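Okay, so here's the structure we're looking at.
What follows draws every value from the coordinates through simple rules; no lab data is involved. Source: prediction; values computed, not measured. Neighbour counts are summed over all protein chains in view; Cβ atoms, including those assigned to glycine, are modelled from backbone coordinates with ideal geometry.
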Amino acid sequence: MTGHFEPRIVGFLCNWCAYTGADLAGTSRLKYAPNVDIIRVMCSGRVDPTFILKAFQLGADGVLICGCHPGDCHYSGGNYKAARRIAILKKLLKQFGIEPERLRLDWVSASEGERFASVVNEMTAQIRKLGPLMPTNGPEIAKEEAKEFAESATPG
């Protein structure tokens, strides 16, 4: 393999702060890694853990969630909810053969374009260092385990 690894990172950005911070970084022509595919969500608290697992399943090497700073959430406490969920999910990722460092939660306000660029560059460098995501059980076994889990979690 002679190519340089470029990570694929999925970024879930809060509409009110982080997405606007990303927009400011772009309009300010700040240089940052182009590795993050941005998905705008209304609040970081609305990022369901299954979205994160699905991103990994579909080939993401890392997942970045950015929201409003604590205390500044447009929906009162969505960022606190996100922080609690991500802390628990990081503990569970090991069971899926995924390093917890591949998931990052950070706070970026609408006026922090430079901070957004910095977070993206740091995350990209970290994922480059970790290398491509390769589940320890192999993709087919992980897929079967996910299917069994989904079927057992479905009511009825």
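Provide the net charge surrounding Gly21, with neighbours chosen by a C-beta distance below 14 Å and charges set as Lys +1, Arg +1, Asp -1, Glu -1.
Spelling it out: positives minus negatives among the neighbours equals -3.
Kirkwood hydrodynamic radius, computed over distinct alpha-carbon pairs, for the range 22-135: how many Å, to one decimal?
After inverting the mean inverse Cα-Cα distance, the result is 14.7 Å.
When Asp61, Asp48 are ordered from fewest to most other Cβ atoms inside 10 Å of their Cβ, what list results?
Result, fewest neighbours first: Asp48, Asp61.
Quick check for me: using +1 on Lys/Arg Cβ and -1 on Asp/Glu Cβ, what's the dipole size of the range 1-122 about its Cα centre, in debye to the nearest 20?
Dipole size: approximately 380 debye.
Report the label-to-label distance for Leu92 and Glu6 in nanometres (one decimal), using points 7 Å from each Cα along the Cα→Cβ vector.
The modelled label-to-label distance comes out at 3.3 nm.
Test of the criteria: in the range 1-51, which chymotrypsin sites (Phe, Trp or Tyr not before Pro) are in a DSSP loop and have at most 16 other Cβ atoms within 10 angstrom of their Cβ?
Taking the range 1-51 and a limit of 16 other Cβ atoms within 10 Å, the loop chymotrypsin sites (Phe, Trp or Tyr not before Pro) found are Phe5.
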